[in-house]
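The values are calculated or read from the model by the stated rules, or taken from the named source; none is laboratory data. Quick caveat: nothing in here was measured; it's all calculated off a predicted structure. Glycine gets a Cβ as well: all are built from the backbone with ideal geometry, and neighbour counts include every protein chain shown.
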Amino acid sequence: MLSPNLIVRLRNPQLLWLFGGILGLLVIASVTGALLGRILRGDAARATIDNLNSRIRAWWIMSAIFALTMVVGQVGSLFLFALMSLLALREYITLTPTHRADHRTLLWTFFVVTPVQYYLIGIGWYGLFAILIPVAVFVLIPTHIALRGDTEHFLERAAEIQFGIMICVYCLSYAPALLMLKIPGFEGKSPQLLLFVVLIAQMSDVLKYTWGKLIGRHKIVPGVSPNKTWEGFVGGVLSATAIGAALWRFTPFGPWPAAGLSLVIALLGAAGGLVMSAIKRDAHVKDFGSLIEGHGGMLDRIDSICFAAPVFFHIVRYYYVP
Amino acid sequence: MSDIHPLAILIAACARGISGVQVTWVGCRPEEQQRIYFANHTSHLDFVVLWSALPPGVRSRTHPVAARDYWQGGVRAYLAKAVFRAVFVDRAAHSEQTGKESSFAAAHKVIDDLSAALGESDSLIIFPEGTRGSGEGVGPFRSGIYHLARKHPEVDLVPAYLENLSRILPKGELLPVPLLSRLTFGEPMRIHPAEAKEDFLARARTALESLRRKGQ
């Protein structure tokens with residue numbers, strides 16, 4: 001239920017190797033990015049390097065936060081992800097046209113639903129944490145809104161709020177929920193699972209971007225997101241799958257399942273990015289908020305995790321937890 | 001130069017955190033200069049958020065203009081007077097409906113109070129609509145700002161547009177929902193010599209409305 005003690009966690013060699021490897025890559029990436037930033041000329045090249053450098057900066061922040069949660073354990077991770085949920089929810093609700101009458105419902109959403117969801121993960125009550133939002137909150141939100149009496153755009157408001165809670169709270173909460181999975185032979189190593197998902201999701205994001213810049217030509221949905229190309233998508237997904245497969249020793253899976261799960265993460269990550277782009281387009285915004293420097297907002301960074309984490313969690317739970 | 005009340009600093013920090021406000025100075029820079037800031041009014045958060053966006057040196061010498069009938073009694077009076085050093089005005093005195101002598105005298109007193117607060121170097125934050133609006137556009141302006149500008153034609157009037165605060169803490173609610181908001185400071189304006197009241201108020205109102213972001 002609760003995390004094992006600190007000494008055991010820090011002595012975990014696999015986690016240290018994986019994390020050390022990531023730090024090494026970050027250092028190489030930062031140095032390369034800084035050098036290229038000085039050498040490259042021309043607007044397009046500069047724009048690409050600036051984008052990559054801002055991603056690298058965000059990854060340093062994420063790594064620092066992840067290292068911190070390794071020290072503070074599961075409770076720390078839950079606090080961190082709860083905070084991320086609140087920031088994402090804040091951006092999302094700012095964009096959606098809610099009415100004065102929805103104020104109390106939103107108060108419940110921010111200050112009750114979110115903490116309760118993460119609390120349920122903390123105490124390991126899988127049965128309730130998996131259904132609280134999709135079942136209980138789903139029926140209570142429209143009821144609460146209806147009781148306030150404002151029926152103008154009723155269905156839109158109820159649906160938008162529920163969708164926001166699903167994406168920003170429910171789906172994201174599956175990431176720290178990975179820490180509660182008891183996989184035989186993998187005890188005490190669940191932080192590696194979380195690191196694996198976040199790593200593959202972020203890698204597939206940046207690899208899609210990179211491949212797109214290198215060989216991208218055919219746009220997937222120019223009306224929604226002009227930067228997504230088929231070449232970038234295929235290149236990114238395949239390379240992310242390869243990386244995930246190569247890291248199979250850090251997971252409880254063999255190489256082929258690791259590849260399969262990485263493929264799932266990469267595909268869902270792309271789906272998450274696409275859906276958030278569509279939402280932004282509808283709201284005429286380029287980026288959500290301005291929380292992580294240079295990046296757009298919290299939602300922009302976690303959109304791939306939000307779609308990948310729940311599916312990954314359930315697949316792993318179905319096949320690997322007796 | 002007077003000190004800022006510690007409660008003011010705390011409340012301002014909380015307001016900034018809750019409102020996630022993104023501040024943009026479009027028409028001028030955040031200088032330590034005597035100014036009259038005028039803004040749209042939709043929420044109790046308006047003054048605190050605007051105040052916290054000003055440079056520290058200016059904050060201790062910037063007074064909100066508060067309605068005496070609302071901000072009296074106990075905690076409210078303490079917050080307005082001691083913590084934020086408000087200047088109180090009688091809202092009814094501004095009324096154009098009554099043409100009586102006493103109402104003119106009261107209106108003069110309001111302007112004199114505001115003048116006194118301005119003094120040599122202090123700034124004011126005014127909400128010319130006179131009351132909290134719904135958040136849709138800017139309501140009609142009361143005439144106080146015109147009379148004040150006539151009396152102090154050399155002081156810059158800076159429009160400041162606040163967006164989304166009415167969704168964070170609407171009129172009548174106690175708890176805020178932490179959303180993101182925006183504050184835009186525009187170009188300073190001054191009253192033209194012999195400018196008519198309606199023209200000036202229309203010009204000021206347009207200056208404020210023009211700061212609203214397009215498409216949002």
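Observations, loosely collected:
- When the criteria are applied in full, A:ALA58 fails the requirement of being more than 9 Å from every other protein chain (Cβ to nearest Cβ) and farther than 19 Å from A:CYS306 by Cα.
- Residue in the range A:96-109 that is away from chain B (no Cβ under 14 Å) and either touching a Ser or Thr at 6+ places or on another chain (Cβ under 7 Å) or on the phi < 0 side of the Ramachandran plot (or both) present: no
- Output for the range A:61-87, where each listed residue is within 14 Å of chain B (Cβ to nearest Cβ) and either of a type in the set (S, T, N, Q) or farther than 17 Å from A:ARG301 by Cβ (or both): A:SER85
- Out of B:GLY27, B:GLY17, sole residue that is assigned to a loop (DSSP other than H, G, I, E, B) and either surrounded by 14 or more Cβ atoms within 10 Å (Cβ to Cβ) or more than 18 Å from the chain's Cα centre (by Cα) (or both): B:GLY27
- Selection from the range B:195-216 of residues that are within 14 Å of chain A (Cβ to nearest Cβ) and either aromatic (Phe, Trp, Tyr) or over 23 Å from A:LEU89 (Cα atoms) (or both): B:LYS214
- Comparison of B:LEU175, B:LEU169 shows that the only residue that is modelled with pLDDT of 90 or more, out of contact with any Phe, Trp or Tyr (no Cβ under 9 Å at 6 or more places or on another chain) and within 14 Å of chain A (Cβ to nearest Cβ) is B:LEU169.
- The helices (runs of 4 or more DSSP H) found wholly in the range A:146-215 and carrying at least 2 residues that are free of Cβ contacts under 8 Å to residues at least 40 places away in the same chain occupy A:154-165, A:190-215.
- Residues of the range B:107-158 satisfying the condition of being part of a helix (DSSP H, G or I), within 21 Å of B:GLU32 (Cα to Cα) and either touching a Phe, Trp or Tyr at 6+ places or on another chain (Cβ under 8 Å) or of a type in the set (Asp, Glu) (or both): B:ALA149
- Evaluation of B:HIS192 against the conditions (1) in contact (Cβ under 8 Å) with a residue 12 or more places away in the chain; (2) away from chain A (no Cβ under 14 Å) shows that the sole unmet condition is (1).
- Whenever a residue of the range B:63-83 is more than 18 Å from B:TRP51 (Cα to Cα), its partners that are of a type in the set (A, V, I, L, M) and part of a strand (DSSP E or B), lying with C-beta atoms within less than 8 angstrom and at least six residues away or across chains, give the pairs B:ARG68/B:VAL89.
- Flag not set for A:ILE265, criterion: modelled with pLDDT under 95 and in a helix (DSSP H, G or I).
- Only one of the listed residues (A:HIS103, A:HIS144, A:HIS153) is surrounded by fewer than 14 Cβ atoms within 10 Å (Cβ to Cβ) and either of a type in the set (Asp, Glu) or more than 22 Å from A:ALA201 (Cα to Cα) (or both). That residue is A:HIS153.
- Filter result (surrounded by 21 or more Cβ atoms within 10 Å (Cβ to Cβ) and touching a helix residue (DSSP H, G or I) at 6+ places or on another chain (Cβ under 8 Å)) within the range B:201-216: B:ALA204
- Test: residue in the range A:36-47 that is crowded, with 18+ Cβ neighbours inside 10 Å and basic (Lys, Arg): no
- Only listed residue being at pLDDT 85 or above and either buried (at least 18 other Cβ atoms within 10 Å of the Cβ) or more than 19 Å from B:GLU173 (Cα to Cα) (or both), chosen from B:SER103, B:SER95, B:SER43: B:SER43
- Residue check, B:ALA202 under 19 Å from the mean Cα position of the chain (by Cα) and under 24 Å from B:GLU31 (Cβ atoms): no
- Verdict on B:TYR161 being more than 14 Å from chain A (Cβ to nearest Cβ) and either part of a loop (DSSP other than H, G, I, E, B) or in contact (Cβ under 8 Å) with a residue 60 or more places away in the chain (or both): yes
- Complete set of residues in the range B:114-153 that are acidic (Asp, Glu) and either surrounded by 15 or more Cβ atoms within 10 Å (Cβ to Cβ) or at positive phi (or both): B:ASP122, B:GLU129
- Matching residues in the range B:1-52 - criterion: being polar (S, T, N, Q) and within 14 Å of chain A (Cβ to nearest Cβ): B:SER19, B:GLN22, B:THR24, B:THR42, B:SER43
- Selection within the range A:224-244 - of a type in the set (Val, Ile, Thr) and either farther than 12 Å from A:TYR209 by Cα or part of a helix (DSSP H, G or I) (or both): A:VAL224, A:VAL234, A:VAL237, A:THR241, A:ILE243
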